[in-house]
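As structure tokens, the structure follows; a few thoughts come after it.
Just so it is clear, none of the values below were taken in a lab; they were calculated from the coordinates. Note that the structure is predicted; figures quoted are calculated from it, not measured. Cβ placement follows ideal geometry from the backbone for every residue including glycine, while neighbour counts extend to all protein chains displayed.
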Amino acid sequence: MAANPEVQILLEKLVRQMVETVEALSRLKPEELDKVSGHPCAMGGSLRKLLVHNLEHDRMHLGQLHEKRWQMDVMQENDLSRLVEEMIVARARLIATLWDLPDEYLDRAPEEGATTIRHVIEHVLYWESDSMRQTRQKFLAEGEV
Ligand code: NI
């Protein structure tokens with residue numbers, strides 16, 4: 001059981017929705033960015049404007065979260081909070097670097113004998129999973145998973 005189960009539910013919603021958004025955007029062609037959006041958040045502008053809005057909307061509300069945490073004196077002051085924030089940002093950058101890669105490049109080695117992009121991602125997943133399994137056992141008193 002998480003220390004903050006209701007927050008964890010919101011985190012899952014945020015991550016799941018990001019995956020759905022990224023999946024939908026992977027099916028768009030870059031030239032569609034200049035077409036009229038029709039959504040009110042684009043304010044009469046293009047799909048590009050809508051997506052710029054969506055990006056800035058997250059940033060605007062990010063500022064609000066920081067302000068509210070400050071107002072309530074629950075800022076992320078300890079090292080663990082800071083470290084996990086960095087880990088989440090690093091993972092987001094990894095996802096951002098991968099999301100639009102055509103499938104046929106996943107298993108292609110850029111040069112003879114080199115690892116593929118799939119190898120790199122599987123490596124990252126394996127070592128995170130392995131190290132966190134050991135960490136849960138040692139520090140969170142969980143049994144074999
Ligand atoms: Ni808003």
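Annotations for the structure displayed:
- Of everything in region 30-87 that is within 16 Å of the ligand (Cβ to nearest atom) and assigned to a loop (DSSP other than H, G, I, E, B), the residue that is surrounded by the fewest Cβ atoms within 10 Å (Cβ to Cβ) is Met43.
- Hits in region 88-123 - residues which are in a helix (DSSP H, G or I), under 16 Å from the mean Cα position of the chain (by Cα) and not basic (Lys, Arg): Ile88, Val89, Ala90, Ala92, Leu94, Ile95, Ala96, Thr97, Leu98, Ile121
- For Tyr126, the requirement of being closer than 30 Å to Leu28 by Cβ and hydroxyl-bearing (Ser, Thr, Tyr) is not met.
- Among the residues of region 91-119, the ones that are within 25 Å of Ala24 (Cβ to Cβ) and surrounded by 11 or more Cβ atoms within 10 Å (Cβ to Cβ) come to 12 in all.
- Looking across region 1-29, just one residue is touching a residue at least 60 places away in the same chain (Cβ under 8 Å) and assigned to a loop (DSSP other than H, G, I, E, B), and that is Ser26.
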